[in-house]
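Novice: Next up is a structure, given as structure tokens.
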């Protein structure tokens, strides 16, 4: 039997993943979309009448049980117990939970739906060099996992844009709005925008009547980042009138679904632990020189090289010019502009396809970082504005230059630590301390790096962290490194306290939330550990430290 042939091929550079989903929905496609990042990284999405129904990723993704814990459907204790049995008996975890009566069919369906949504959102962040191929009428995932209800394509699109849309991609998409009056398309169902949550404030502005982009930005300057993101999404889904011929809004006018003939499953790089395996056959390889067959969208972002060329050729401007904000921009807008530009230009976020422009991108990022460091500090910004008013150039001052150098070294140290390069991390952390020895997070990072050494002096490091206690309140990074150190030396009660403080301050701190979840699971499962995880009494803590150092001497 001849191998299936893809009806459409291309790269995510030419057609981003979100646009692939829109075109699939518009054309009610039924078949399998294969995304190939390179050796060992092939992903598949099965579509029915344009709606994603199953996904298989060659990377660690949330298992169903983890999703059910996150959504409160089951407890962590139930998850651990039932997952162990599912792995031992080689059955689907969801079916086992249903069979034991732990969850009902409705909760299982909602869990499967959320799991698929998270998998699809993850695909929005795949490198632009990723090749895709669409195989019409073929279901390569027929024997993979359990079927569940399909997530809303609109909701998946919004979550993907919200979490992964690049600033350059958004700006390129909004350029076509210059001078146009924007108006929401009429007769959209009430539920069409229900998933936008707090960003509904942008919709409220549009619902008051047609407005230009500049008018919207002027009406809500504090919502600029949200406004640009939402407007990009509305243009992408054809939800606003632009005065130009256009197809109906995405998802309006769905046609009935016709089930396809199942096909065998292609081989992928990874399987979930204990999953029942079936005989597989690989989807044919995608030609690496294949041109895109699906027409690219008018919302393509400019290439990274072209953007870099413009950055490096433009005349040096003020820090406000660098961030692309007016001189009266509020602090929130400074942070928003820096965040968007950092996502685009931070060297560690560039994929292998951008290796030849990494040095240039690093220079751009240092310029962005310098501008942010000045404008985010009220005193430094006031001084900078005073120099600008005198008509002099104010690219830097000695104080600002040292602060910038310290911040840059600190960020390089954290990046090296994340890569496991402790030598480089220590070198940059020491440099950050030289430039700014009083910065609490600089001291905390240096102390944590010292604790990772085989011959670590825990007594001295503990003293460093103790001195940081009065600076830790509200400083997430100081709390994080204190928590890691306490965990390393066995002060688990103090570690749990630090991680909980982080979660209170920043609920989206994934690493701290994971630590809290593991500790709380330990509390539930091991009563004998409760004393060690209770809040510490200072006197008992001191005696415990004395015993610890006595054992090590």
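The values are calculated or read from the model by the stated rules, or taken from the named source; none is laboratory data. None of the values given here were measured: they were computed from a predicted structure. Don't worry about glycine lacking a Cβ; one is built from the backbone with ideal geometry, like all the others, and counts go over all protein chains shown.
Novice: Of the residues that make up region 80-91, is at least one buried (at least 22 other Cβ atoms within 10 Å of the Cβ) and within 25 Å of residue 41 (Cα to Cα)?
Specialist: Looking for residues that are buried (at least 22 other Cβ atoms within 10 Å of the Cβ) and within 25 Å of residue 41 (Cα to Cα), one finds none in region 80-91, hence no.
Novice: Check 408, 433 and return the single one that is at pLDDT 75 or above and touching a helix residue (DSSP H, G or I) at 6+ places or on another chain (Cβ under 7 Å). Working first, answer last.
Specialist: Working: 408 fails: at pLDDT 75 or above.
Within the list 408, 433, the selection yields 433.
Novice: Would you confirm whether or not region 225-246 contains a residue that is surrounded by 17 or more Cβ atoms within 10 Å (Cβ to Cβ), more than 30 Å from residue 138 (Cα to Cα) and at pLDDT below 80?
Specialist: Yes, region 225-246 has at least one match.
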